[in-house]
Structures are given as C-alpha cells and as structure tokens.
Amino acid sequence: MQLRQWQSECINRALEHFNTQNKHFLCLATPGAGKTIMASEVAAQLLKEDLIDFVLCFSPSINISQGIKYTFSKRLECRFDGVIGAVGCSYTYQSMLSFNEDFWQLLNRNRVLVIFDEIHHCSGSTLEDANAWGEEILLNIQNQAEYTLALTGTPWRSDQAPIALSRYTDPDNQIQCDYIYGLKEAITDGVCRSPKVVLIDNKRISVTDEKNETKTFNSLDALFRGSSISYQSVIKNDVAIRHALTLATNKLDDIRLHNPNAAGLVVASSIEHATYILNLLRNEYSQTAEIVTYKEQHPSVKINEFKNSPTNWIVSVGMISEGTDIPRLQVCCHLSRIKTELYFRQVLGRILRKNKSKNQEAWLYTFAVPELVEFANRIAEEIPDKPVVFGLSKDTEIIQSKATRFTLQSKDMPSTAMKKLQLGQAYLDEQMTSHLAEQVSTAHSRPEAPLSFELLGGFREKVVSTFNSPF
C-alpha cells in the first residue's frame, strides 16, 4: 500500500513513542486525511514485530465501525471480526457498555493494541468527570492495554470536558497531541479539498410582535441581537430553506457537469425538517434524494448504498456528521439546529475527502449567524481559540449528569433495545447533550412573546475561502 507522507511520518512517530515505554499515542489529523489507513499500518507493524497479540478498535457509529473492519481486514490479510482465528475486532463505543468482565480479561491475558476513532466522544481524566464510555476506558483499558492509539480530527469537546487518555498542559489546559496533520497541510499536499463556506444573510427582515408592532433588521446578526427570534426559526423558514437549497442544488448541478457522480448532503434539524427538505428536493428541484435518520433500523445500509449510487442528495439527521467516508460528497447544506464549533467542523469534514474526479470543489452553505461566521473564519485553526478544558458550571454539571444517567441505563436494556440505541448513538453523544443544554437554557429564561417574522429583502452571500489552494 502506498502511504501518504504524513501517514508514514505518523506511523514512525507512534512506533518510536511505543518503543520508549509510552503507552498512549494521540494523533490529530484533519477529516478525510486517511487516519484509518494509518492506524491499520501501525497495527500491522506492531504485529510484525511481535509486540502485540490482538487489536481492538472502537468508533462512534456502526457505519464507521464497519469501515474500520473492512480496512483492517484488508491490510492485515486476516479476519477482523473477533471470531476464532481473527487478529482483532471493531466495535462501537456503545458496545463497551454491554461487555462483561470475561471480555475485558482479554486485555489482561494478551498484549492488546486498542485504537479509538474520534476519541473526543470519550471524556474523563478521572471517574468523577468521565462519561459512560470514558469510564469504561479508565476502568478496563487505560492500564490494561499494551498500547493505545487515539485518533481525532477535532480534539476537544463541546462540553469542555477532558478527553479520555489525553494529556493537557498546566495551567492553560491545552491538549497535547503526539502528531498533528492539519487541514492546511492536507490541502497543500493534495490530500483534502479546499472548502468554501457560503454564509447566507438577508438585508431586510421584518418582525411583528403580539401588539402588531413591527421592527426591521438588516442582517441575521442584528435580528438575533434585537429580537427574540431564534436560529431554529430561521432554518425552518420556508423562504430561507428554499434559498439555501437553490444555491446548493445549482452548485451541485454545475459540479456534476464534470463529475456526474458528485453528490450533496443536507444536515437537517429533525426528522420532520428532513422530510420536508427531502420532498422539496424531489418535487420542486427535480433532484434524486434519499433520507437517513437515527431512528431507522439499518441506516448504515442506506448510507453504504448511497455511497455507491448515482443519487444526487442525502438528507441526514444525526447520521453523517463525522467519520463517514463518502468522497463523492462535494456540496453540503448545514441546516442543523446544532451550532457548536465541534459539530460545524465535523459536518464540513464530510466534503473534504478527495477522489479521482476532475472537479474537486467543496462548498458548504449555511446561515450567517454570529457563531457560524466565527467558526468559518477560523477553520484553519486546529483547536478553538479558547481553553480546551474548563471547570464545569452548575448547569453543565446538571446536563452531564442527565446524559450519563441516560447512557448508563442502557446496560440493563434487552438486546433489541441495545441495538436500537447503538444505531442512534452517534447522534446521541454530542447532540443529546446539546438538546439538554437547550432545555436548561429555556428553563432559566422567560417565555418569549408570540412573534412572526418575514424575510422581505434580497439575500446576500459571503464566501469564505478557507485557504488559497495551489490546485
């Protein structure tokens, strides 16, 4: 296998790290750079040198887990399904909660390399600040594994909790990565596409309150600062949705003139929202489109079918936010209610993977709300411009407690319920916490007065070219 330069460098760095009695290695590599292939090569080298007996991989979703299984089986030329004769196995993080003591004895009786994809899903430096998956790592893997290799494209958490198995500087709490391969380097090397973020705004927005008094605003920023209209109201507004879809579908049509197999992704805020968008794409924009949500029984099957199909669009609720490898995706509409920097970068990562097509443009369309504008303008940074770990506020502690209780209850669930929970767990990890945060915020705010708003002015777009690509 022909490795990219960064992959070879990272593999050598990891092997040197392990050979100097260091057990835990953290690699930050931009989405789409090829972290899984790099990890499979590390495993192959350790097996070749007889330094490990077995490989365990954990990842945030069934779809990603299956992709890891395929890549490792191909590279190691051996079964990777955990049965007799296999050299390893790939599981979801949610699976950890169903393993009994007999399973974890595998790490005590053998030299095991444990690989964590998107390790930021697992939090905790101690049992007191750990989430359910981080707790399993602390109790059963941290001291028992021969080596661990943690991978991430976004090395922080929205709740600002410490990531499991990670080291932080004192006193500024910045995460310490053992190898970094950023988006700028990946674009320069021709590994990833150079993305353009289109920030959609409107110059005349009219808001009418219950007293029939009207105010007008010249931007979304002014709207949010001067009224109680919510971001969620904007992404569900029919006029706004149609404008975003018009821009995105026109762009995809242009790209498909050169790349007939190019596709687009819409990240919706709810199943109802996604269904509405799906019907618009099919019936009014004459686009072929599919929908995938966290409530379906076999979303990974639908995602894999889309990956190899000629269908133009896939509308997703919580299922294609990170790790999913669909290189034909080149256009994305970010219409999710989640507007954290972590989620924004994960969504952007879906259109960064290069393929062999002639056109390698990547376009993300979203609304010019202050947070997303800020994220778009500093996407070149690997870590947000703020400390990675904070002391938790009272509200955040409440949220974390609720989220942990929800996850821990799944230990006692019957197998069917466990399977259903696994299907949605990529959505639950980051988005459930965000949902609880919104509930806490709402509980502490006064009820909004009934308002209506209209987008009366012309739309305008600002294009943020993240990097000036040499290609």
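Every number here is computed from the coordinates shown, using simple stated rules; none is lab data. Here the structure is a predicted model, which means the values were calculated and not measured. Cβ coordinates were reconstructed from backbone atoms using ideal geometry, including for glycine residues, and neighbour counts include every protein chain displayed.
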Violating pairs (Cα-Cα greater than 22 angstrom) within the set LYS69/LYS184; LYS251/LYS356; LYS196/LYS358; LYS184/LYS307; LYS23/LYS48; LYS74/LYS307:
LYS69/LYS184; LYS184/LYS307
Quick one: Karplus J couplings for the range 54-65, per residue in order, coefficients 6.51, -1.76, 1.60, θ = phi - 60°, nearest Hz, x for Gly and Pro?
7, 10, 10, 10, 10, 8, x, 8, 5, 4, 5, 4
Positive-end residue of TYR365, SER336, ASN355, charge dipole of the range 330-379 with Cβ unit charges
ASN355
How big is the charge dipole of the range 5-181 about its Cα centre, in debye rounded to the nearest 20, if each Lys and Arg gets +1 on its Cβ and each Asp and Glu gets -1 on its Cβ?
520 debye
Count neighbours as other Cβ atoms within 10 Å of each site's Cβ, and list the trypsin sites (Lys or Arg not before Pro) in the range 19-79 that are DSSP loop with at most 16 such neighbours.
LYS23, ARG79
Per DSSP, the loop-located GluC sites (Glu not before Pro) within the range 25-90 having at most 11 other beta carbons within 10 Å are GLU49, GLU77
Could you give each residue of the range 225-230 its phi-based ³J(HN,Hα) in whole Hz, using Karplus coefficients 6.51, -1.76, 1.60 with θ = phi - 60°, and x for Gly or Pro?
6, x, 8, 9, 5, 9
At a threshold of 8 angstrom on Cα-Cα distance, excluding pairs fewer than six apart, so keeping six or more, what relative contact order does the range 1-159 reach in percent?
27 percent
